[in-house]
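Student: Mind looking over this structure? Questions follow.
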Amino acid sequence: MFDKLQSEIKRINPRSPIFIGIVAIFSVFFIYLILITTNLRSQQEQGNTTQSNTPPFQPTPTLTPGKDYVQGQIVVKFKDGISDAAINQDLLRYNASVKSHNLAINTIVIAVPVGQEENIRAQLTRDGLVKYAKPDFIMHTQSVPNDTYFANQWGLSNSGQNIRGQTGVANDDIHAEAAWSVATGAGIKVAILDTGIDLNHPDLAGKVVTQRVFITSSIDDGFGHGTHVSGIIAANSNNNQGIAGTCPGCQLMIGKVLDDSGSGPNSGIANAITWAADNGANVISMSLAGQNFPQDIQDAVNYAWNKNVVVVAAAGNCGDSNFRLNGCTTENPMEYPAALQNVVSVANTDNKDQKSSTSNYGSWVKIAAPGTNIFSTLPTHSYALQASHHTALNYDYLTGTSQATPMVAGVAALIWSTLPAGTANQTVVDRLLNTADKITGTGTYWQNGRLDAAMAVGAVTVPVVTVTPAPTFVCEGSQTSICNPTSTPTININPTVTVGPTNPEPSITQTPPGVTNTPELSPTISPSPNPSNPCSGNDTRGFVQKILDWVKMLRDYINQFVQNLLSHPTNRPRFSPPARPIPC
């Protein structure tokens with residue numbers, strides 16, 4: 001075939017009109033290719049093309065306050081099979097240009113005129129070429145609550161800060177900040193059965209949705225314990241004062257079942273349990289205990305359980321040889337209602353993830369939680385604990401399983417807020433226990449480990465925390481950085497509390513994981529020419545196709561030559577056309 005072509009070429013008269021015409025046509029074709037190539041080169045130099053292997057540097061977009069998306073850009077994913085030419089044409093219609101191209105997921109960030117984001121996004125969608133065109137939404141880092149004394153709340157966020165003379169171990173906490181990125185417990189009701197509450201405390205304002213007195217004549221907390229428990233569960237968060245609650249979005253139901261000395265009968269507690277269950281409580285928290293089995297409370301707990309309520313109770317503080325100082329008659333007994341069926345019993349750990357020496361323990365205890373030196377709300381008026389233990393007005397530290405219990409109750413409420421309606425309380429309890437951190441003592445002191453709020457709600461990221469100085473707080477009416485008791489008396493009630501010097505610790509500035517920069521990508525809309533090799537395998541092309549392929553290859557050679565010529569004007573390359581007129 002080649003011999004025939006060569007013989008035909010030899011017969012052509014180079015001076016004939018036909019030959020001259022063919023040469024003229026090819027000359028015009030080559031000149032046309034040169035002009036197009038030169039024009040493309042000029043456009044590249046002026047930055048007017050959307051086709052580029054390495055687009056010009058794009059600065060980090062300026063984020064506009066109040067906007068939840070980046071102005072002037074859209075994230076687009078075109079449908080499979082859409083050609084680069086069609087993509088380019090579609091973008092040019094809207095004066096859009098490519099900023100970056102994520103090759104892994106085949107998405108493009110395009111720059112559009114500011115203020116036209118929504119209109120262009122809608123137009124691109126209507127064109128039918130895209131799988132989606134979305135605003136480039138802005139995400140935010142997890143932030144530390146701005147509550148004044150959040151640094152003191154090591155149980156929620158432990159950076160290794162020193163709490164009343166003991167330096168903690170970083171991240172030995174319930175990882176509350178990560179949990180709050182998923183859930184805050186909005187609308188979930190937690191019933192607190194305790195000594196009442198100070199309704200005038202600013203950090204508890206608006207939290208109580210219903211209340212009932214089962215002892216004494218007033219809901220007001222004359223003892224101080226119920227207010228402390230209430231703050232641990234649901235103190236207002238991000239209000240520039242005080243502390244943050246474990247479940248900052250929770251609503252409180254207050255049942256006063258213990259009097260102003262911290263004591264109350266079983267019958268009143270049983271009545272309060274059924275009252276809470278009948279009035280929509282999702283969780284019941286009881287920081288109280290006794291050593292005698294209370295059948296009526298067991299019946300009430302079963303009633304609440306059958307109404308889909310999670311019941312949480314303190315394991316008690318009779319765990320060491322000083323048990324009588326805590327009002328106990330026996331060292332480390334099973335205490336009630338914690339040891340009853342259908343109750344989540346809670347032990348107490350410190351800021352090193354170790355069991356508190358006073359905490360009850362054993363196979364009957366379901367879970368552990370931070371309970372040593374827990375900083376929370378206290379009444380704004382005089383109360384019994386203040387007088388007997390020299391604790392402060394407004395806020396101070398208390399210790400016991402009474403403090404660990406509301407943390408568990410608060411996290412149970414967070415779990416409720418992540419589940420669909422109609423979920424069973426058993427599901428909540430299972431998640432609460434199965435996600436607990438298996439710290440030392442698990443299987444011996446308690447069954448399921450230490451509470452982990454982040455894992456319980458499905459947020460596994462643990463925030464990184466650093467320490468910065470913190471302000472002082474009001475201590476018995478005067479501003480100071482320490483509240484020193486002259487002695488450490490005990491109270492003959494269950495639950496008991498251990499109190500002591502109050503040392504507000506430095507606040508915590510979180511440095512959470514987040515997006516700090518944009519990964520470097522190699523955006524490419526139109527790939528560089530890379531034709532497949534027609535000489536590989538068996539070549540089944542016809543003669544005409546071979547001629548066309550050779551013309552295409554010649555065009556590519558000319559294009560490459562012109563590009564090199566424009567790129568190296570002082571070092572002109574030699575033009576070398578294909579060695580053979582027809583490939584293969």
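The values are calculated or read from the model by the stated rules, or taken from the named source; none is laboratory data. For clarity, every value in this text was computed on a predicted model and none was experimentally measured. Reconstructed Cβ throughout: ideal geometry from the backbone, glycine too, with neighbour counts over all protein chains shown.
Student: Would you check which residues across segment 295-331 are outside any helix (DSSP H, G or I) and surrounded by fewer than 19 Cβ atoms within 10 Å (Cβ to Cβ) and list them?
Tutor: To start, the set of residues in segment 295-331 that are outside any helix (DSSP H, G or I) comprises 307-322, 327-331.
Scanning segment 295-331 gives Lys307, Asn308, Asp320, Ser321, Asn322, Thr329, Thr330, Glu331.
Student: May I pose another question? Take the residues of segment 247-274 that are touching a residue at least 40 places away in the same chain (Cβ under 8 Å) and among the small types (Gly, Ala, Ser): which is surrounded by the fewest Cβ atoms within 10 Å (Cβ to Cβ)? Show your work before the answer.
Tutor: Step one: list which residues in segment 247-274 are touching a residue at least 40 places away in the same chain (Cβ under 8 Å), which gives 247-265, 268-269, 271-273.
Next cut, among the small types (Gly, Ala, Ser) only: 249, 255, 261-264, 268, 272.
Details: Gly249: 18, Gly255: 29, Ser261: 13, Gly262: 24, Ser263: 18, Gly264: 22, Gly268: 18, Ala272: 28.
This residue is Ser261.
Student: Give me a count of the residues in segment 335-360 that are surrounded by 20 or more Cβ atoms within 10 Å (Cβ to Cβ) and either part of a loop (DSSP other than H, G, I, E, B) or of a type in the set (A, V, I, L, M) (or both). If you could, list the steps in order and put the result at the bottom.
Tutor: First, the residues of segment 335-360 that are surrounded by 20 or more Cβ atoms within 10 Å (Cβ to Cβ): 335-340, 343-351, 353, 355-356, 358-360.
Filter once more, keeping what is either part of a loop (DSSP other than H, G, I, E, B) or of a type in the set (A, V, I, L, M) (or both): 335, 337-340, 343-344, 346-347, 350-351, 353, 356, 358-360.
Counting residues in segment 335-360 that are surrounded by 20 or more Cβ atoms within 10 Å (Cβ to Cβ) and either part of a loop (DSSP other than H, G, I, E, B) or of a type in the set (A, V, I, L, M) (or both) gives 16.
Student: A further question follows. Do we find that Ala244 is at pLDDT 95 or above and assigned by TED's automatic domain parsing to the domain that holds Pro202 in this structure?
Tutor: Values: at pLDDT 95 or above: yes; assigned by TED's automatic domain parsing to the domain that holds Pro202: yes.
Yes: the conditions hold for Ala244.
Student: Take the residues of segment 86-126 that are in a strand (DSSP E or B) and without any contact (Cβ under 8 Å) to a residue 40 or more places away in the chain: which is surrounded by the most Cβ atoms within 10 Å (Cβ to Cβ)? Quick ask: steps written out before the conclusion?
Tutor: Taking segment 86-126 first, the residues in a strand (DSSP E or B) are 97-102, 107-111.
Keeping just the survivors that are without any contact (Cβ under 8 Å) to a residue 40 or more places away in the chain gives 107, 109-110.
Values: Thr107: 17, Val109: 20, Ile110: 24.
Applying the filter and picking the extreme gives Ile110.
Student: Which condition from (1) crowded, with 24+ Cβ neighbours inside 10 Å; (2) under 17 Å from Asn342 (Cβ atoms) is the one that Tyr395 breaks?
Tutor: (2)
Student: Take segment 200-215 and flag every residue that is part of a loop (DSSP other than H, G, I, E, B) and buried (at least 16 other Cβ atoms within 10 Å of the Cβ).
Tutor: First, the residues of segment 200-215 that are part of a loop (DSSP other than H, G, I, E, B): 200-201, 205-207, 214-215.
Matches in segment 200-215: His201, Lys207, Phe214, Ile215.
Student: Quick one: what pairs do we get from segment 136-157, first residue assigned to a loop (DSSP other than H, G, I, E, B), second at pLDDT below 85 and of a type in the set (Phe, Trp, Tyr), C-beta under 8 Å, 6+ apart or different chains?
Tutor: Partner pairs satisfying both residue conditions: Ile138/Tyr69; Thr148/Phe473; Tyr149/Phe473.
Student: Return a yes/no flag: does segment 286-294 have any residue that is at pLDDT 95 or above, part of a strand (DSSP E or B) and within 29 Å of Asn158 (Cα to Cα).
Tutor: yes
Yes/no matrix, rows are residues, columns are (1) under 27 Å from the mean Cα position of the chain (by Cα); (2) assigned by TED's automatic domain parsing to the domain that holds Gly226; (3) farther than 25 Å from Ser159 by Cβ:
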residue: Trp364; (1), (2), (3): no, yes, yes
residue: Ser417; (1), (2), (3): yes, yes, yes
residue: Arg431; (1), (2), (3): yes, yes, yes
residue: Gly458; (1), (2), (3): yes, yes, no
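Student: Given the criteria among the hydroxyl-bearing types (Ser, Thr, Tyr), surrounded by fewer than 19 Cβ atoms within 10 Å (Cβ to Cβ) and within 30 Å of the chain's Cα centre (by Cα), does Ser230 qualify?
Tutor: Details: among the hydroxyl-bearing types (Ser, Thr, Tyr): yes; surrounded by fewer than 19 Cβ atoms within 10 Å (Cβ to Cβ): no; within 30 Å of the chain's Cα centre (by Cα): yes.
No, not satisfied.
Student: Residues of segment 162-201 being farther than 20 Å from Gln403 by Cα and either basic (Lys, Arg) or without any contact (Cβ under 8 Å) to a residue 60 or more places away in the chain (or both), which ones?
Tutor: If the condition is that a residue be farther than 20 Å from Gln403 by Cα and either basic (Lys, Arg) or without any contact (Cβ under 8 Å) to a residue 60 or more places away in the chain (or both), then no residue fits.
Student: Just give me the residues in segment 177-209 being within 20 Å of Thr380 (Cα to Cα) and of a type in the set (Asp, Glu), in sequence order.
Tutor: Asp194, Asp198, Asp203, listed by residue number.
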